[in-house]
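Below you'll find the structure, written out as structure tokens, and then a few comments.
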Amino acid sequence: MRVYVPLTLTGLAEAFKAGELGPGPLTAYAVTPGLREWYLSDDIEELEYAALSRAALASLRQLALDPDAVRRRVVVALDVPDGTAPSDPDRGLDPAALGEVRIAEAVPLAKAAAVHVDSDEARADVTAAAAAVGAADQGDDDAQFTVDGAEDHELLWYATQEIPNLLG
């Protein structure tokens, strides 16, 4: 099962140093029944992209909580055994929980398939979006427009061997 773990570059550096993502439980995003129903698609690539996008938004929320973090969203794609990342069936189609899963224990970084990170060109929009995401979550349309500006930037794909270069 492919899951997407939201981080910041600081979190990625910590995971790289420790050799694992954790400790558990970890919040991640995946193609869940609720995400499938919400997205209304059977195309697995589109569904995976939707899960990745949900993780990117969660990364943005982490940036909002850490004013010292570099303003670039980070998502680690992991392959975990089926059944090890359950969704909460009680939250079903709750918009805040679409695609959300929990991984009970730390996961070796060696299980990572790839890392997705914003380009340097996205920093200004990501910085503005991190400042606005709280207001957007409260229903502020102008703030949501700012958050959408960051979401317009595609995350770049990096092989796990490139993590040291990302951390500079």
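The values are calculated or read from the model by the stated rules, or taken from the named source; none is laboratory data. Computed from a prediction, not measured in an experiment: that's the story for all the values here. With ideal geometry, Cβ positions are generated from the backbone for all residues, glycine too; neighbour counts draw on all protein chains shown.
Hey, could you check region 33-56 for residues that are outside any helix (DSSP H, G or I) and among the acidic types (Asp, Glu) and say which is farthest from residue 155 (Cα to Cα)? Looking at residues that are outside any helix (DSSP H, G or I) and among the acidic types (Asp, Glu), I get 42.
If you go through region 9-23 and pick out every residue that is within 15 Å of the chain's Cα centre (by Cα), surrounded by fewer than 22 Cβ atoms within 10 Å (Cβ to Cβ) and outside any helix (DSSP H, G or I), you end up with 1.
Please list, ordered by first then second residue, the pairs with beta carbon atoms under 6 Å, 6 or more apart or interchain, first in region 128-139 and closer than 7 Å to residue 64 by Cβ, second assigned to a helix (DSSP H, G or I) and basic (Lys, Arg). Partner pairs satisfying both residue conditions: 133/61. Within region 9-32, being among the aliphatic types (A, V, I, L, M) and under 15 Å from residue 168 (Cβ atoms) holds for 9, 12, 13. Within the group 155, 57, 65, which residue is surrounded by fewer than 13 Cβ atoms within 10 Å (Cβ to Cβ) and either out of contact with any Gly (no Cβ under 8 Å at 6 or more places or on another chain) or closer than 14 Å to residue 7 by Cα (or both)? Sole residue among the options that is surrounded by fewer than 13 Cβ atoms within 10 Å (Cβ to Cβ) and either out of contact with any Gly (no Cβ under 8 Å at 6 or more places or on another chain) or closer than 14 Å to residue 7 by Cα (or both): 65. Filtered by the rule that a residue be touching an Asp or Glu at 6+ places or on another chain (Cβ under 8 Å) and within 15 Å of residue 118 (Cβ to Cβ), region 27-57 gives 53, 56, 57.
The single condition from (1) of a type in the set (Phe, Trp, Tyr); (2) under 17 Å from residue 157 (Cα atoms); (3) over 16 Å from the mean Cα position of the chain (by Cα) that residue 4 fails is (3). Each residue in region 10-52 was checked for being within 17 Å of residue 79 (Cα to Cα) and among the hydroxyl-bearing types (Ser, Thr, Tyr), and 4 of them qualify. Highlighted here are the strands (runs of 3 or more DSSP E) found entirely within region 57-168 that include at least 3 residues which are under 17 Å from the mean Cα position of the chain (by Cα), of a type in the set (A, V, I, L, M, F, W, C) and modelled with pLDDT of 95 or more: 74-79, 112-117.
Looking across region 113-130, just one residue is over 13 Å from residue 155 (Cβ atoms), in contact with a helix residue (DSSP H, G or I) (Cβ under 7 Å, 6 or more places away or on another chain) and surrounded by fewer than 20 Cβ atoms within 10 Å (Cβ to Cβ), and that is 128.
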